[in-house]
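The values are calculated or read from the model by the stated rules, or taken from the named source; none is laboratory data. Owing to the predicted nature of the structure, the values given are computational and were not obtained by experimental measurement. Every residue, glycine as well, gets a Cβ built from its backbone with ideal geometry; the counts of neighbours run over all protein chains shown. Areas reflect the complete protein model, heavy atoms only, side chains present, ligands, DNA and RNA absent. Shrake-Rupley method; radii C 1.70, N 1.55, O 1.52, S 1.80 Å.
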Amino acid sequence: MVDQAIIDEVRSRNDIVGVIGEYLPLQRVGRNYRTRCPFHSDTHPSFYISPQKQIFYCFGCQKGGNIFTFLMEYEGIGFFEALKKLGEKVGIEVKGKTRGKYEHLYELNELVSEIYHQTLFAETGKAGFEYLKKRDISEKTIKDFKLGFAPTYARLIVTLERKGYRREDLIRGGLIVGTHREIFRNRVIFPIRNPSGRIIAFGGRAIDDKTEPKYLNSPETPIFKKRATLFGLDAARRSIIDKQEVMIVEGYFDLLTLHQHGYHNVVAPLGTALTEEHGLILSRYGKKAIIVFDADPSGIRAAIRSISQLLSNMDVRVVELPPGSDPDSLVHEDPSRFNQFLDRAVYGFNDGLDRAIVKPLAKGYQAMAPRAGALFAPTRSMGPVYSAVSVPARQAYSHWASLGSTKPGMR
Ligand SMILES: [Zn+2]
């Protein structure tokens, strides 16, 4: 048990506005502050903070409490962990040990990440290091994101068993399939973190172009839900809040390269399209979402699917890149040119569907897949977007569609 005096001290030395302000953008209203509620799908700010009373309350979902409750709910941690974190902020050491239900999985991932990271700088990781160099990833980025390497002759099981881990732990942690096969071999490793920065899974990129699949992620575990995870969110969080804007890219390398060039408000889903959960999570941090997917058919389809997941909570824009390019290559070639695309070719969704999305996307799509039949693919997946837009936008779409040589499969 922790002494009540310590709890009171931690509470009185922390200011609730400062604590919540680290996670959410706050707006002053009279004596209070408000923001959009992180605990329910909130379109208008209904989440209020009172500095006088040091409490928060949401008029939408009726959730309320103090700094401890906020941190527990928001980070999904227990009381003791919240107390410890808040104590650290004000220089109060909270003694005692607690273990969350999945603490052993987080610890295992931390250790595995360390092994992969060290391997990258060792002789066995040379191929991985060379690969990252070839992709122009700097040593600083490698260290910031703690990138690693899993060699072909995988030794993870041996190393971990020597440290006292059992085979079941590794299976539960999503590190091996069957009883002995390590999931990541001969791959560059990207640790995947939750918003508070703890490693919950790994992604791996094959270092040659023969290996399939090119990208591989850990299987789901009790701490890793793919559809609710965004790569890079922990590193991007602060910047998204400050700018009120998030850039969404397709892959690990797009994100790393952008980060390296000073764009810090970037996240990437771990597949291609965004999910509803992703949309809800992002809307907690910022108002505007900019989709910067690859200008190829699959990127365009993913962009179209992703728009609908963001529409209800955010102002969504799409960047039209030159056909066949992606953010990674474009930024490398010429950062200022990428900026131009970002500034100029960002279309407001409400300007009309044709100008905003359909026309540029379909134009790019047509350029690359000129066969008439191919047009049906993006049109069909546009269903959810189509039903969410205004009448003038629909008319714009119909207008565009009538110009096409193919009749799109949509009414
Ligand atoms: Zn709420």
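Please go through region 28-40 and give me each residue that is of a type in the set (A, V, I, L, M, F, W, C) and more than 10 Å from the ligand (Cβ to nearest atom), ordered by number.
Listed by number, the list holds a single entry, VAL29.
Among (1) open to solvent by 50 Å² or more (accessible area, probe 1.4 Å); (2) more than 16 Å from the ligand (Cβ to nearest atom); (3) charged (D, E, K, R), which single condition is LYS63 missing?
It fails just one condition, (2).
Inside region 72-82, can you point out the residues that are surrounded by 16 or more Cβ atoms within 10 Å (Cβ to Cβ) and within 16 Å of the ligand (Cβ to nearest atom)?
The answer is MET72, TYR74.
On the given criteria, is PRO213 under 28 Å from TYR102 (Cα atoms) and open to solvent by 50 Å² or more (accessible area, probe 1.4 Å)?
no
Residue under question is PHE253, and the condition is that it be surrounded by 16 or more Cβ atoms within 10 Å (Cβ to Cβ) and in contact with an Asp or Glu (Cβ under 8 Å, 6 or more places away or on another chain); does it hold?
It is true that PHE253 is surrounded by 16 or more Cβ atoms within 10 Å (Cβ to Cβ) and in contact with an Asp or Glu (Cβ under 8 Å, 6 or more places away or on another chain).
Taking only pairs six or more apart or across chains, which ones have beta-carbon atoms under 9 Å, a first residue in region 26-41 that is touching a residue at least 60 places away in the same chain (Cβ under 8 Å), and a second residue that is open to solvent by 50 Å² or more (accessible area, probe 1.4 Å) and not charged (D, E, K, R)?
Listed by first residue and then by second, the contacts come to ARG36/THR43; ARG36/HIS44; SER41/LEU280; SER41/SER312.
With the condition kept exactly as written, say whether any residue in region 5-17 is assigned to a loop (DSSP other than H, G, I, E, B), open to solvent by less than 20 Å² (accessible area, probe 1.4 Å) and within 11 Å of the ligand (Cβ to nearest atom).
Checked region 5-17: no residue is assigned to a loop (DSSP other than H, G, I, E, B), open to solvent by less than 20 Å² (accessible area, probe 1.4 Å) and within 11 Å of the ligand (Cβ to nearest atom).
Among the residues of region 216-233, count how many are crowded, with 18+ Cβ neighbours inside 10 Å and closer than 25 Å to LEU310 by Cα.
8
Can you pull out the helices (runs of 4 or more DSSP H) entirely within region 101-181 that have at least 3 residues that are farther than 18 Å from GLY197 by Cβ and open to solvent by less than 50 Å² (accessible area, probe 1.4 Å)?
It comes to 103-120, 126-134, 156-162.
Those residues that are modelled with pLDDT under 85 and more than 25 Å from the chain's Cα centre (by Cα), I need them from region 53-106; list them, please.
Those that are modelled with pLDDT under 85 and more than 25 Å from the chain's Cα centre (by Cα): LYS95, GLY96, LYS97, THR98, ARG99.
With the condition kept exactly as written, say whether any residue in region 202-210 is closer than 13 Å to PRO269 by Cα, in a loop (DSSP other than H, G, I, E, B) and not assigned by TED's automatic domain parsing to the domain that holds TYR252.
No, the conditions are met nowhere in region 202-210.
What is the one condition in (1) more than 16 Å from the ligand (Cβ to nearest atom); (2) touching a helix residue (DSSP H, G or I) at 6+ places or on another chain (Cβ under 7 Å); (3) hydrophobic (A, V, I, L, M, F, W, C) that VAL158 does not satisfy?
Single failed check for VAL158: (2).
Considering only residues of region 41-52 that are surrounded by fewer than 19 Cβ atoms within 10 Å (Cβ to Cβ), under 27 Å from the mean Cα position of the chain (by Cα) and more than 9 Å from the ligand (Cβ to nearest atom), which is nearest to LEU310 (Cα to Cα)?
The selected residue is THR43.
Which ones in region 233-264 are small (Gly, Ala, Ser) and touching a residue at least 60 places away in the same chain (Cβ under 8 Å)?
Answer for region 233-264, where residues must be small (Gly, Ala, Ser) and touching a residue at least 60 places away in the same chain (Cβ under 8 Å): ALA235, GLY251.
Only residues in region 50-62 that are assigned by TED's automatic domain parsing to the domain that holds SER12 count as the first member; pair them with residues that are open to solvent by 100 Å² or more (accessible area, probe 1.4 Å) and basic (Lys, Arg), Cβ under 7 angstrom, at least 6 apart or cross-chain, and list the lot.
Pairs found: GLN52/ARG31.
If you scan region 21-59, which residues turn out to be part of a helix (DSSP H, G or I) and in contact with a helix residue (DSSP H, G or I) (Cβ under 6 Å, 6 or more places away or on another chain)?
none
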